[in-house]
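Colleague: Take a look at this one; I'll ask things after.
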Amino acid sequence: MLYRERFPRFEQVARAIAGDRELAREAVQDGFADAWRSADLYEGSGSVEAWVWRCVVNRAKRARRAPVELLGEPPDVAAKNGSGEDESGLRTRIAALPERQRLAVFLRYYADLDYAAIADALEVEVGTVSATLNQAHRNLRAELAKEAR
Amino acid sequence: MTAIELDPVLAEGLAKLVPLDESARGDWSDVERRANARAARRRAPRLRLVLVALALVVAFALVAPALGIDLPVLDFWKAEKAPPRVVEDFRSLTEGAPAGMDPEALPGEARKVTTAVLSDGPHTLWVAPTRAGGFCLTWTNASGGCDQLGTVPLSVTWMAAGPLPARELRPEPSRTSFTRVSGFANADYVHSIELRFADGDVVRPNVSWVSEPIGAGFFVYDLPQARRASGHELIAVVALDSNGQIVAEDTGRPSESTGSAPPEAIVDERTAIARIRTRHGEALVWEAPTRYEGRCAWLEYEGRSLAFVPCMPKGYPFGAFAFRFVPTADDVLLVGWVRNDVASVEVTFADGDRIVAHPQDGFVLVELPAEHLVRGREARTIVSRDILGRPLHAPFDVNGLGGGRYPCLAPLPLHGTRSGPFCL
């Protein structure tokens with residue numbers, strides 16, 4: 001069952017978007033409830049999983065605490081846990097991405113969705129996903145390169 | 001298209017930022033509770049919804065960023081427009097309709113509501129509004145219909161296997177032969193739909209609610225084999241309001257005599273319209289409003305009730321004369337609901353006799369004379385007339401009527417021997 005097998009992935013993506021573990025769990029629960037309740041509106045043009053991802057992502061977007069607190073634990077907590085400047089910098093760079101790029105990155109890297117599924121989840125064309133991820137990589141690599149210098 | 005490879009550096013960094021928690025577990029029962037709770041509260045009556053919406057305007061401005069407004073209703077105007085083939089189907093409803101039967105659908109505004117994957121494959125529901133505020137619908141490879149005025153509270157099509165006939169064409173009234181039900185409910189009056197089974201089970205099918213100008217919810221439900229077995233079969237489709245009260249009910253059969261008034265009638269507000277003395281006491285026609293601004297009428301006789309005509313939604317007129325022969329223990333009553341311009345109803349018998357009944361507040365109720373309950377003296381035709389005595393329609397051939405048969409084909413007991421029912 002999708003819910004049982006992929007719950008950790010849904011929770012991870014929702015946590016990345018909402019910036020809080022509890023909010024993330026709420027978003028996953030509400031997202032699945034949305035998907036189930038409106039299953040009759042599902043048009044069958046994409047995968048069911050992508051449809052559920054769309055519902056969860058939408059819930060997580062609504063639930064997030066603030067635009068700047070987009071990822072995981074705050075920097076000071078991350079530092080105490082052994083993470084350092086690299087993670088803090090990446091957090092800032094991810095947060096600075098346009099929303100669509102950020103969500104596409106999360107769905108690609110955390111959820112391991114293919115382009116078609118990301119397109120369904122974000123309600124965009126597949127070509128848009130490709131362009132969006134390209135742009136996101138360029139932005140992030142540019143920042144990584146600056147840091148490397 | 002070539003997928004972008006995952007960047008290993010970025011992947012590693014992201015994994016550190018939001019580590020995967022493999023131990024995270026969800027609670028599916030909680031998901032179910034949330035889904036059901038939302039479904040239960042989403043169909044508030046329109047007036048209440050408007051008032052609540054007005055009250056929320058100010059609050060929304062304050063808390064909008066954190067507020068998840070959730071109205072899982074398909075916005076009709078944002079739905080996918082119908083392709084030319086479907087538009088043409090809707091156009092044919094109008095262009096091919098007999099005089100007075102044109103639903104006045106707007107084919108160019110037809111849109112897709114949903115696609116349901118059923119036992120025989122996917123079926124797409126297309127809906128087009130009508131000029132009068134209602135809609136027409138068609139399921140691909142299945143049934144269709146119209147509610148021209150948008151006031152029908154509940155419409156149900158009971159289907160046997162395969163592409164499904166219109167309800168009135170269904171060949172077999174046994175409920176165990178039905179494999180599917182579909183229909184729609186009016187959002188102004190109906191909050192939820194229940195499928196009630198002979199063994200007491202109740203199922204709430206998914207309903208695709210659609211915004212104005214449609215203002216209705218659509219459902220389709222495949223009956224699994226276990227729910228077609230005798231004793232477990234579907235016995236009623238029920239539309240409930242937000243208080244759980246029955247707005248309308250469809251049992252898949254013509255109405256039968258029961259011990260109570262139609263469930264759709266608000267009995268506390270009933271009015272006695274017509275009454276006669278029969279050989280077995282009083283027979284009485286009651287009329288009452290419904291929870292969908294319509295009206296119901298039923299006959300009460302010998303401790304029983306019979307909805308002799310369907311309860312009518314707002315705005316839909318009857319024909320000149322909607323009537324029914326009602327067999328009692330050893331008697332036959334003629335009861336009907338007539339148009340306002342009907343001043344009299346004349347029944348002609350095979351031996352040349354005639355009786356004339358006069359409507360009371362739009363209803364006719366008469367006991368057929370006992371001497372005419374035998375072969376050779378039976379009723380032959382019925383005609384309604386205006387105040388000048390002019391016929392309002394061609395005489396109905398009694399034996400050709402679909403709603404009941406008269407006279408009986410066996411000699412009738414005229415002097416106290418009870419045997420029946422014998423006419424329907």
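Colleague: Answer yes or no: is there a residue in the range B:28-38 that is among the hydroxyl-bearing types (Ser, Thr, Tyr), assigned to a helix (DSSP H, G or I) and at pLDDT below 85.
Modeller: Looking through the range B:28-38, at least one residue is among the hydroxyl-bearing types (Ser, Thr, Tyr), assigned to a helix (DSSP H, G or I) and at pLDDT below 85.
Colleague: Please work out if B:Ala3 is at negative phi, at the interface with chain A (Cβ under 9 Å from one of its Cβ atoms), assigned to a loop (DSSP other than H, G, I, E, B) and modelled with pLDDT under 65.
Modeller: Against the criterion (at negative phi, at the interface with chain A (Cβ under 9 Å from one of its Cβ atoms), assigned to a loop (DSSP other than H, G, I, E, B) and modelled with pLDDT under 65), B:Ala3 qualifies.
Colleague: Of all residues in the range B:328-349 being of a type in the set (S, T, N, Q) and part of a loop (DSSP other than H, G, I, E, B), which is surrounded by the fewest Cβ atoms within 10 Å (Cβ to Cβ)?
Modeller: Among those residues, the one meeting the criterion is B:Asn340.
Colleague: What residue, among those in the range A:29-38 that are more than 7 Å from chain B (Cβ to nearest Cβ) and not charged (D, E, K, R), is farthest from B:Asn206 (Cα to Cα)?
Modeller: The residue in question is A:Gly31.
Colleague: Using the structure shown, decide if A:Tyr110 is among the hydroxyl-bearing types (Ser, Thr, Tyr) and either exposed (fewer than 13 other Cβ atoms within 10 Å of the Cβ) or at pLDDT 90 or above (or both). Give the derivation first.
Modeller: Numbers: among the hydroxyl-bearing types (Ser, Thr, Tyr): yes; either exposed (fewer than 13 other Cβ atoms within 10 Å of the Cβ) or at pLDDT 90 or above (or both): yes.
So A:Tyr110 passes the test.
Colleague: Something else about it: Could you list all residues from the range A:4-28 that are more than 10 Å from chain B (Cβ to nearest Cβ) and either outside any helix (DSSP H, G or I) or surrounded by fewer than 24 Cβ atoms within 10 Å (Cβ to Cβ) (or both)?
Modeller: A:Glu5, A:Asp20, A:Glu22, A:Leu23, listed by residue number.
Colleague: Inside the range A:91-122, can you point out the residues that are closer than 18 Å to B:Glu12 by Cβ, facing another protein chain (nearest Cβ under 10 Å), assigned to a helix (DSSP H, G or I) and not charged (D, E, K, R)?
Modeller: The answer is A:Ile94, A:Val105, A:Phe106, A:Tyr109.
Colleague: As an exercise: evaluate B:Arg253 against (1) basic (Lys, Arg); (2) part of a loop (DSSP other than H, G, I, E, B); (3) surrounded by 16 or more Cβ atoms within 10 Å (Cβ to Cβ) and give the number of the one condition it does not meet.
Modeller: Tallying (1) basic (Lys, Arg); (2) part of a loop (DSSP other than H, G, I, E, B); (3) surrounded by 16 or more Cβ atoms within 10 Å (Cβ to Cβ), B:Arg253 fails exactly one: (3).
Colleague: Ok, one more. Can you tell me which residue among A:Ala66, A:Ala142, A:Ala131 is modelled with pLDDT of 85 or more, surrounded by fewer than 18 Cβ atoms within 10 Å (Cβ to Cβ) and over 30 Å from A:Met1 (Cβ atoms)?
Modeller: A:Ala131
Colleague: If you don't mind, there's one more thing I want to ask. Report, ordered by the first and then the second residue, all pairs with beta carbons closer than 7 Å, sequence separation of six or more or different chains, a first member in the range B:5-28 that is over 15 Å from A:Gln12 (Cβ atoms), and a second member that is among the aliphatic types (A, V, I, L, M) and part of a helix (DSSP H, G or I).
Modeller: Listed by first residue and then by second, the contacts come to B:Val9/A:Leu144; B:Leu10/A:Leu140.
Colleague: Separate question: Pairs, please: C-beta under 7 Å, at least 6 apart or cross-chain, first residue free of Cβ contacts under 8 Å to residues at least 40 places away in the same chain and in the range B:280-295, second in a loop (DSSP other than H, G, I, E, B) and not polar (S, T, N, Q)?
Modeller: Close Cβ pairs (under 7 Å, with a partner that is in a loop (DSSP other than H, G, I, E, B) and not polar (S, T, N, Q)) amount to B:Gly281/B:Glu302; B:Trp286/B:Ala261; B:Trp286/B:Arg270; B:Ala288/B:Ile266; B:Ala288/B:Arg270; B:Pro289/B:Ile266; B:Arg295/B:Cys311.
Colleague: Out of the residues in the range B:197-221 that are more than 13 Å from chain A (Cβ to nearest Cβ) and part of a strand (DSSP E or B), state the one that is nearest to B:Lys78 (Cα to Cα).
Modeller: Looking at the filtered set, the residue picked out is B:Ala216.
Colleague: Which ones in the range B:349-397 are of a type in the set (A, V, I, L, M) and without any contact (Cβ under 8 Å) to a residue 60 or more places away in the chain?
Modeller: Filtering the range B:349-397 for residues of a type in the set (A, V, I, L, M) gives B:350, B:355-357, B:364-366, B:368, B:370, B:373-374, B:379, B:382-383, B:387-388, B:392, B:394.
Selection gives B:Ala350, B:Ile355, B:Val356, B:Ala357, B:Leu368, B:Leu373, B:Val374, B:Ala379, B:Val383, B:Ile387, B:Leu388, B:Ala394.
Colleague: So B:Ser260 clears everything in (1) of a type in the set (Gly, Ala, Ser); (2) modelled with pLDDT of 85 or more; (3) not in a strand (DSSP E or B) except one condition, right? Which one?
Modeller: Evaluating B:Ser260 over (1) of a type in the set (Gly, Ala, Ser); (2) modelled with pLDDT of 85 or more; (3) not in a strand (DSSP E or B) leaves (2) as the failure.
Colleague: Another question, then. Return the residues of the range B:204-236 that are under 22 Å from B:Val127 (Cα atoms), touching a helix residue (DSSP H, G or I) at 6+ places or on another chain (Cβ under 9 Å) and small (Gly, Ala, Ser); say none if nothing qualifies.
Modeller: Selection gives B:Ser208, B:Ser211, B:Gly215.
Colleague: Condition check: surrounded by 18 or more Cβ atoms within 10 Å (Cβ to Cβ), in a strand (DSSP E or B), of a type outside the set (D, E, K, R) and in contact with an Asp or Glu (Cβ under 9 Å, 6 or more places away or on another chain). Does B:Ala272 satisfy that? Give the steps one after another, and end with the answer.
Modeller: On the way: surrounded by 18 or more Cβ atoms within 10 Å (Cβ to Cβ): no; in a strand (DSSP E or B): yes; of a type outside the set (D, E, K, R): yes; in contact with an Asp or Glu (Cβ under 9 Å, 6 or more places away or on another chain): yes.
Spelling it out, it is not the case that B:Ala272 is surrounded by 18 or more Cβ atoms within 10 Å (Cβ to Cβ), in a strand (DSSP E or B), of a type outside the set (D, E, K, R) and in contact with an Asp or Glu (Cβ under 9 Å, 6 or more places away or on another chain).
Colleague: Do you know which residues across the range B:9-28 are more than 53 Å from the chain's Cα centre (by Cα) and more than 7 Å from chain A (Cβ to nearest Cβ)?
Modeller: B:Glu12, B:Ala15, B:Pro19
Colleague: Further question: In the range B:284-303, what count of residues is obtained for those that are in a strand (DSSP E or B) and touching an Asp or Glu at 6+ places or on another chain (Cβ under 7 Å)?
Modeller: Matching residues across the range B:284-303 total 8.
Colleague: Among the residues of the range B:128-162, write down those that are of a type in the set (A, V, I, L, M, F, W, C) and surrounded by fewer than 20 Cβ atoms within 10 Å (Cβ to Cβ).
Modeller: B:Ala132, B:Leu149, B:Ala160, B:Ala161
Colleague: Here is a follow-up. Quick check: is even one residue across the range B:293-301 over 23 Å from the mean Cα position of the chain (by Cα) and surrounded by 22 or more Cβ atoms within 10 Å (Cβ to Cβ)?
Modeller: Yes: the range B:293-301 contains one or more residues that are over 23 Å from the mean Cα position of the chain (by Cα) and surrounded by 22 or more Cβ atoms within 10 Å (Cβ to Cβ).
The values are calculated or read from the model by the stated rules, or taken from the named source; none is laboratory data. Computed from a predicted model, the values in this text were never measured in an experiment. For neighbour counting, all protein chains shown are included, and Cβ atoms are generated from backbone atoms with ideal geometry for every residue, glycine included.
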